[in-house]
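Note sheet for the following structure.
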Amino acid sequence: MRKKLILGILLTAPIFLYSCGKTKRTADTDPEKQEKQQLRVPEFNADSAYAFTDAQCAFGPRVPNTEAHRKCGAYIAEKFREFGTTVTDQRADLMAYNGTILKARNIIAATNPEATQRILLCAHWDSRPWCDNDPDSNNWKKPVMGANDGASGVAVMLEIARQIQQQPIDIGIDFICFDAEDYGTPQWETENSLEDNSHTWCLGSQYWASMPHQDNYRATFGILLDMVGGRGCTFSQESYSQAYAPNIVARVWDTAARIGYGQFFPKRNSGYITDDHVPVNQIARIPCIDIVPYFTDGPSSFGPTWHTVNDTMENIDKNVLKAVGQTVMQVIYEEAQPQ
Ligand code: AHN
Ligand code: ZN
C-alpha cells in the first residue's frame, strides 16, 4: 500500500511540475489558445520603415563632424524617445585612420530597462565620407548618402521600437546605433598596401564593446542590421556569425523560411565580413550575428550601390525592409512571453 502511494507520487510529480512550467507562459490553459497567443506577432510596417529611412537621408550624408550628422543624431534619439524607450548617449572622440578626431555618438535605446533577459539589435547610423567604390573616380571624394548603408538598419530598428510600444513584451530590447562604422581607410589608400586596415572600421562599436554603457551589460544574443533595404539584396550566412553564434544564425534563417521570406535568406555562406558584430562578439563577448547582403555577381559583393553615389532612396526596396523587419520581429516575439 505504502509502496503504491510513493510510486503514485513519483509518477505524477513530473507531470505536475511540467504543467506548472507551462502555465507560466500564459494564464490560459487551452493549448490551442496558448499557441495562438504565443504567435501574435505585430505586422512590421514597411512604409513606416521606408519613411524613417527617407527622414535620415533628408539631413544629407551623416558624415561625422558635420551638421547633418549632428541633426540626424538628435532626430534618431528623439524618435526612440517618442517610442517609449530609455535613451542613453555615449559620446567619444575617436581617432580615424588619418588622425582626424571624430566627435562620435553611440545612441542606445532600451525597452523595458529593468528586464534582465535582453536582446541586442544594432546598426550603424553614420555615412561614409567617400564614394570610393564608385566606378567614376570623380565621385570618390563625395560622401555616400547611405540610404541603404546606414539609414536602412536604423529605420528597421525604429519601426520595431514603434511596434513594441504598441504591443509590449516582457523581455528588454537594446537598440544600439553605432557611430563611425564607415570611416575606414579609403580604397585608393590601400590599393598597393598589404596592411590590415580592418581596425579602421567600426570605431563606434569597438568603443562601445570595450566600454559598454552599463557595468556588466549582458544580452542573450545580438543581431546587427547592415544594409537591409537595398534593391536586390539577399542575406547569406556570414562566417563570423556562424563561428560565434551558429544557433542564432540557424534560428533567424529558419524563421525567415517558416514565415515566407526564405528567398531573401538563402542558406549559403558569404565569407568573413568586418562589421560591427565583430567587436560585439570578440570584445563584449555577446554572441551576435550580421544580417548583411551578399551579391554573387556584380562589382561588389555588397551590391552595385555600395559606397557609390547611387546609395540613395531610389534604390531602397520596401520588400527587403519588410523581409528583414518581419523576420527579426518574429524572432524577438518568439523569445518573449506574451503580455
Ligand atoms: C569592409 O568593407 C571591410 N567591411 C564592410 C563593413 C561595412 C561598410 N558595412 C557597411 N559599410
Ligand atoms: Zn559602408
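Quick notes
- The stretch 289-305 - residue that is in contact with a helix residue (DSSP H, G or I) (Cβ under 9 Å, 6 or more places away or on another chain) and over 13 Å from VAL320 (Cβ atoms) and, of those, farthest from ligand 2 (Cβ to nearest atom): ILE289
- Residue within the stretch 224-237 that is outside any loop (DSSP other than H, G, I, E, B) and in contact with a Pro (Cβ under 8 Å, 6 or more places away or on another chain) present: yes
- Which numbered condition VAL324 misses (of (1) of a type in the set (A, V, I, L, M); (2) open to solvent by 40 Å² or more (accessible area, probe 1.4 Å); (3) more than 16 Å from ligand 2 (Cβ to nearest atom)): (2)
- Positions within the stretch 64-88 being farther than 18 Å from GLY172 by Cα and open to solvent by 60 Å² or more (accessible area, probe 1.4 Å), in sequence order: ASN65, GLU67, ARG70, LYS71, GLU78
- Scanning the stretch 59-114 for residues that are among the aliphatic types (A, V, I, L, M) and assigned to a loop (DSSP other than H, G, I, E, B) yields a count of 2.
- Hits in the stretch 224-254 (condition: surrounded by 14 or more Cβ atoms within 10 Å (Cβ to Cβ) and over 27 Å from ASP297 (Cβ atoms)): TYR244, ALA245, ILE248, ARG251
- From ALA180, ALA151, residue being more than 15 Å from VAL324 (Cβ to Cβ), within 13 Å of ligand 2 (Cβ to nearest atom) and open to solvent by less than 10 Å² (accessible area, probe 1.4 Å): ALA180
- The stretch 231-253 residues that are within 30 Å of MET313 (Cβ to Cβ) and without any contact (Cβ under 8 Å) to a residue 40 or more places away in the chain, paired with ones that are outside any helix (DSSP H, G or I) and open to solvent by less than 70 Å² (accessible area, probe 1.4 Å) (beta carbon under 7 Å, 6 or more apart): GLN237/SER270; TRP253/GLN237; TRP253/PHE265
- Looking only at residues of the stretch 284-310 that are on the phi > 0 side of the Ramachandran plot and out of contact with any Pro (no Cβ under 7 Å at 6 or more places or on another chain), we find that the one that is farthest from ligand 1 (Cβ to nearest atom) is ARG285.
- Hits in the stretch 189-205 (condition: open to solvent by 60 Å² or more (accessible area, probe 1.4 Å) and either part of a loop (DSSP other than H, G, I, E, B) or within 15 Å of HIS124 (Cα to Cα) (or both)): GLU191, ASN192, LEU194, GLU195, ASP196
- Residues of the stretch 154-169 that turn out to be open to solvent by 10 Å² or more (accessible area, probe 1.4 Å) and in contact with a Cys (Cβ under 7 Å, 6 or more places away or on another chain), as a count: 0
- On the stretch given as the stretch 263-316, residues that are over 20 Å from TYR183 (Cα atoms), out of contact with any strand residue (DSSP E or B) (no Cβ under 7 Å at 6 or more places or on another chain) and assigned to a helix (DSSP H, G or I) total 4.
- Taking first residues from the stretch 129-156 that are acidic (Asp, Glu) and partners that are outside any helix (DSSP H, G or I) and within 10 Å of ligand 2 (Cβ to nearest atom), the Cβ contacts under 6 Å between residues at least 6 apart in sequence or on separate chains come to ASP132/HIS307; ASP149/MET227; ASP149/ASP311.
- Residues (hydroxyl-bearing (Ser, Thr, Tyr) and open to solvent by 70 Å² or more (accessible area, probe 1.4 Å)) located in the stretch 94-122: TYR97, THR116
- Any hit, the stretch 25-44, residues being at pLDDT below 95 and small (Gly, Ala, Ser): yes
The values are calculated or read from the model by the stated rules, or taken from the named source; none is laboratory data. Bear in mind that the values here come from a model prediction, so they are computed numbers and not experimental data. Please note: Cβ atoms are built from the backbone with ideal geometry, for glycine as well, and neighbour counts cover all protein chains shown. Calculation scope for accessible area: heavy atoms of the full protein, side chains included, ligands and nucleic acids excluded. Shrake-Rupley method; radii C 1.70, N 1.55, O 1.52, S 1.80 Å.
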